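Reviewing the structure listed below.
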Amino acid sequence: MTRRALTVKLIEAVTSKGRPQLDHFDGFCPGLSIRVTSAKKKTWNFLFTSPRDGKIARLSLGTYPAIGLDDARQLAQQARRKVQQHKDPRDPDNTPKPKTMAELIEDRLSLTLRDKKRSAERAEWRFKKYVTPFVGKIAVENFRIDPHYNWIVDPLLKAGKIRTAGMVFQDLRALMNFAIQRGVIEYSRLAKVKRPDEAATLTRYLSLDEIAIVWRGLDAALPRAEHTRTILRLCLLTGQRLSEVAGMRREEIDIAGALWTIPAARSKNKHSHQVPLASLALKLVSEALRKSNGDYLFPDRSGEGPTKHTVVDYALSNAQKPREGLPMGKFGIPRWTPHDLRRTVGTQLSKLKIAEQVVIGHVLNHRSVTKASITQQIYDQHDFIDEKRKALQDWDERVVALISLASAMAAAPAIQRQARTA
């Protein structure tokens, strides 16, 4: 037997010295040996005192050179730790492997999101695009703000995707809370982290000048995305959610009554909602109906489903990327999202004194406003359809006036040039 530290050179050279087999022990890693047979077969072993009966026992770790010296030492150290824990390393390891972030995400999607919440599709898309590629293989218990959280959020912030960074943060925070409920971790690493878009989350809306810029700029910014352009314009005219507009169906539209009924199944709060269609909105919807051959006004490429909100989000985000000569993107204004159009309608209806708060709440289908009290929930069943129609018609006319004014101002220099050359 030898007691000096084994080396690769020594392992290659050792023999059984004419015996059937001979153990050569590693002086560096106690208990580790390599057994050499007369046939020159070399096998790693770990010798230990069994916690079962106090007798010397042997654990085979594999053959050389399939298992190298460093790997053998690592395996021996793992076995020795088990012995120190009063476990026999020969027994099957029933210790569950640490759950990874990817596994936790799938658990949350399957148990609490898919087929249960309308936001599931968006959350799953964000996880797949922004989270799993960076930290999917990381054990949940090892997830840290630095570097893991920063790996996810920093690229979004650098790209100017502030709103997306905020949504991803919200996804991760909910994921960590889910992990606590499942007993995977005891506390959330994100508990005291501020949402990255906290300052902008509830504030961005389009000014009147920006409304005209956006409306006129959509054709040039999204020249090959007719559905996306119309969807965004209807979001601005009606104040409804992007997914609700994008998923608009033929059966929901009453052209004669100038009314769009969003069924409870497609409404975020699971309550049916009627949206009066004012002049310009009715024109856009009528054109979409005429061009669509199927059930959906804005079908996807397959023609079997509606245009997904993610398609609209991506197209708009791409149009607003800084470019050479266009540091603020194709619109030339601070970044905005489809949801900011909904906030724009609510804000401008109030700011311009077009409608009272309760009417605005009905327009936006915010039950926190429309059904905030027992009286409103039980005893007041007025649907506010006439008030909503007037508010949206007044807003429709204001948008048309803004567009017309912007067009006239843009045309003025050209008319002046023609007059000078006449």
Restricting attention to segment 41-59, and to residues there that are loosely packed, with under 12 Cβ neighbours inside 10 Å and modelled with pLDDT of 90 or more, which single residue is farthest from ALA13 (Cα to Cα)? LYS55
Is it the case that segment 48-62 has a residue that's over 27 Å from LYS87 (Cα atoms) and part of a strand (DSSP E or B)? no
Residue within segment 168-182 that is under 28 Å from PHE298 (Cα atoms) and part of a helix (DSSP H, G or I) present: yes
Boolean, TYR314 is aromatic (Phe, Trp, Tyr), more than 19 Å from THR203 (Cα to Cα) and touching a helix residue (DSSP H, G or I) at 6+ places or on another chain (Cβ under 9 Å): no
Determine which member of the set GLY303, GLY217 is more than 23 Å from HIS362 (Cα to Cα), surrounded by 14 or more Cβ atoms within 10 Å (Cβ to Cβ) and not charged (D, E, K, R). GLY217
If you check PRO322 against the conditions, is it of a type outside the set (D, E, K, R), in contact (Cβ under 8 Å) with a residue 12 or more places away in the chain and buried (at least 18 other Cβ atoms within 10 Å of the Cβ)? no
Please work out which residue is nearest to HIS339 (Cα to Cα), limiting yourself to segment 251-284 and to residues that are under 30 Å from the mean Cα position of the chain (by Cα) and assigned to a helix (DSSP H, G or I). ARG266
Yes or no: segment 371-386 includes at least one residue that is modelled with pLDDT of 90 or more and part of a helix (DSSP H, G or I). yes
With SER292, SER350 as the choices, which residue is in contact with a helix residue (DSSP H, G or I) (Cβ under 9 Å, 6 or more places away or on another chain), in the same structural domain as GLY247 (by TED's automatic domain parsing) and without any contact (Cβ under 8 Å) to a residue 40 or more places away in the chain? SER350
Reported set for segment 119-155 where residues are without any contact (Cβ under 8 Å) to a residue 40 or more places away in the chain and either assigned to a loop (DSSP other than H, G, I, E, B) or of a type in the set (Gly, Ala, Ser) (or both) is SER119, ALA120, GLY136, LYS137, ILE138
Could you check segment 236-250 and list, in sequence order, the residues that are within 22 Å of SER350 (Cβ to Cβ) and under 21 Å from the mean Cα position of the chain (by Cα)? ARG241, LEU242, GLU244, VAL245
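The values are calculated or read from the model by the stated rules, or taken from the named source; none is laboratory data. Quantities reported herein were computed from a predicted structural model and do not represent experimental measurements. In this analysis, Cβ positions are derived from the backbone assuming ideal geometry, glycine residues included, and neighbour counts consider all displayed protein chains.
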